[in-house]
Amino acid sequence: MSQEAMKIPQATAKRLPLYYRFLQNLYASGKERVSSAELSEAVKVDSATIRRDFSYFGALGKKGYGYNVSYLLSFFRKTLDQDEVTSVALIGVGNLGTAFLNYNFMKNNNTRIEWAFDIDKNKIGKKVGDVVVYDLAELEERLMGENVPVAILTVPASAAQSITDRLIKVNISGILNFTPARISVPPSIRVHHIDLAVELQSLVYFLKNYPEEEEVEEKLDRKKDLHHL
Ligand code: ATP
């Protein structure tokens with residue numbers, strides 16, 4: 001992300017791609033303006049949060065006018081470095097890794113898995129979703145000197161740390177970790193951890209124990225919104 005993005009709070013920065021995707025659709029359908037209420041409905045973020053987020057982007061919505069779609073889009077494009085494709089390496093072409101390779105991410109943003117590695121001889125040399133699977137033993141020689149800032153880890157948990165250590169040596173700066181393992185990295189490396197089993201369990205727990213939560217939050221937001229009028 002660019003310098004500008006550094007000043008944006010992290011929680012806001014995490015919502016940027018969500019806003020960006022929705023605004024792209026709006027722009028494609030020829031819409032020039034959007035209100036925070038419309039945005040809120042579409043991206044399921046309360047409108048007070050949207051107004052606060054957008055104030056960081058220097059986009060101040062006008063009452064009865066809303067936000068200018070093309071201004072926001074060009075801001076997001078710059079901030080998310082959308083003009084440049086970010087190359088991603090995926091390690092572990094199992095069920096999850098294969099799904100990511102087939103899906104790839106170009107449809108909605110400029111992030112593309114261009115490298116895949118595995119240790120399984122039956123997978124090495126094959127193409128999955130247009131990407132050749134290389135032998136993990138060749139990780140260093142393939143990636144050293146290439147500009148690959150991000151890696152996705154879809155290997156068994158037991159392999160996560162040793163592969164992470166090797167990725168750091170080839171100058172990866174961010175890791176999306178889908179293994180249940182908590183990996184250790186130096187402070188300069190960013191790790192986002194997505195443990196699907198934990199997420200699912202936590203969703204079920206919340207449904208069982210806090211079924212009213214969202215309603216209460218929505219009411220509070222509506223109250224806050226009334227204060228703004
Ligand atoms: P998942 O759904 O998590 O991908 P899976 O059952 O398809 O699971 P796993 O045993 O989790 O397979 O392994 C995922 C992939 O990682 C497999 O393709 C496997 O060959 C590969 N793999 C296993 N160990 C290593 C390792 N040390 N380095 C790289 N790849 C590995």
* Would it be correct to say that V198 is under 21 Å from the mean Cα position of the chain (by Cα) and in a helix (DSSP H, G or I)? -> yes
* To do: Tell me, please, whether a residue that is closer than 29 Å to Q201 by Cβ and surrounded by 13 or more Cβ atoms within 10 Å (Cβ to Cβ) can be found in the stretch 130-149.
  => no
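Could you please let me know if T12 is assigned to a helix (DSSP H, G or I), at pLDDT 90 or above and surrounded by 15 or more Cβ atoms within 10 Å (Cβ to Cβ)?
no
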* Filtered residues of the stretch 172-182 (kept if in contact (Cβ under 8 Å) with a residue 24 or more places away in the chain and in a loop (DSSP other than H, G, I, E, B)) -> I172, S173, F178, T179, A181
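With the requirement that a residue be assigned to a helix (DSSP H, G or I) and touching a helix residue (DSSP H, G or I) at 6+ places or on another chain (Cβ under 6 Å), what does the stretch 44-59 give you?
Answer for the stretch 44-59, where residues must be assigned to a helix (DSSP H, G or I) and touching a helix residue (DSSP H, G or I) at 6+ places or on another chain (Cβ under 6 Å): S47, A48, I50, R51, D53, Y56.
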* To do: Would you tally the residues in the stretch 15-43 being part of a helix (DSSP H, G or I) and of a type in the set (K, R)?
  => 2
* Asked: Looking at this structure, is F178 modelled with pLDDT of 85 or more, aromatic (F, W, Y) and under 20 Å from the mean Cα position of the chain (by Cα)?
  -> yes
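The values are calculated or read from the model by the stated rules, or taken from the named source; none is laboratory data. Not measured: the values here are computed from a predicted model. Neighbour counts are summed over all protein chains in view; Cβ atoms, including those assigned to glycine, are modelled from backbone coordinates with ideal geometry.
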